[in-house]
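Each value in this text was obtained by applying a stated rule to the coordinates, not by laboratory testing. It should be emphasised that the depicted structure is a prediction, and the values quoted were computed from it without experimental measurement. Virtual Cβ from ideal backbone geometry, glycine too; neighbours counted across all protein chains shown.
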Amino acid sequence: MSDSAASVEDLFDEASGHIALGELTNAIALYRRCVALQPDYFDGWHALGMALLRNGEIKEAIGAGLMATTLQPNDLLAWTALSQMYVANHQIAEAEDAKGKARILSLGGKVVK
């Protein structure tokens, strides 16, 4: 798929196909292109973070997770994922904070009004 013809959604779908096949490196490259083309693309940042985490690139995963929670601060899955990323990096206080925000959201509250 050429850059000019590929929409962010097409790149995301292609990356998700690579995830399904266990091809993390290919998926990560495509998710990176998604967020480069559309920096406010929440789904791209969230998926990039999860793929990086699965690939052992924890510090970069945290960065992507933080972008996702910044773009959609009331997204339960984004906070849950960020908590997992922090746990993987042994940042327990940060993990507990993210988990707390996820809990607020799971109970119907809001992190940001």
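May I ask you to work out the translational diffusion coefficient for the chain at 10 °C, viscosity 1.306 mPa s, via Stokes-Einstein with Rh from the Kirkwood sum over Cα pairs, reported in whole µm²/s?
Values: Rh = 14.2 Å.
Rounded, D is 112 µm²/s.
At 0.36 nm per residue, and after removing the present C-alpha to C-alpha distance, how many nm does the segment from ALA20 to GLU94 gain when stretched out fully? Can you show the working numbers first?
Numbers: separation 74, 0.36 × 74 = 26.64 nm, distance 2.98 nm.
Stretched out fully, the ALA20 to GLU94 stretch lengthens by 23.7 nm.
Computed about the Cα centre, the dipole magnitude for region 8-106 is approximately 320 debye when only Lys and Arg (+1) and Asp and Glu (-1) carry charge, each at its Cβ. With respect to the chain, whose longest principal axis is taken over its alpha-carbon atoms, helix 76-88 is tilted by about 90°.
Pair-distance distribution P(r) for region 66-113, from all Cα-Cα distances in 5 Å bins starting at 0: 5, 28, 32, 23, 10, 2 percent. A dipole drawn for the chain from +1 and -1 charges on Cβ atoms has a positive end, and of ASN26, PRO39, GLN84 the residue lying farthest that way is GLN84. Between GLN38, GLN72, GLN84, the GNM of the chain built on Cα springs shorter than 10 angstrom shows GLN38 fluctuating the most.
From the helices alone, meaning DSSP H stretches of at least four residues, give me the mean residue ellipticity at 222 nm for the chain, per-run term -39500 (n - 2.57), in deg cm²/dmol to the nearest 500.
Values: 6 runs with 82 residues, N = 113.
Result for the chain: -23500 deg cm²/dmol, rounded to the nearest 500.
For LYS113 and ASP40, FRET efficiency with R0 = 30 Å and r from the beta-carbon atoms, rounded to 0.05?
Details: r = 20 Å, r/R0 = 0.67.
Using R0 = 30 Å, I get an efficiency of 0.90.
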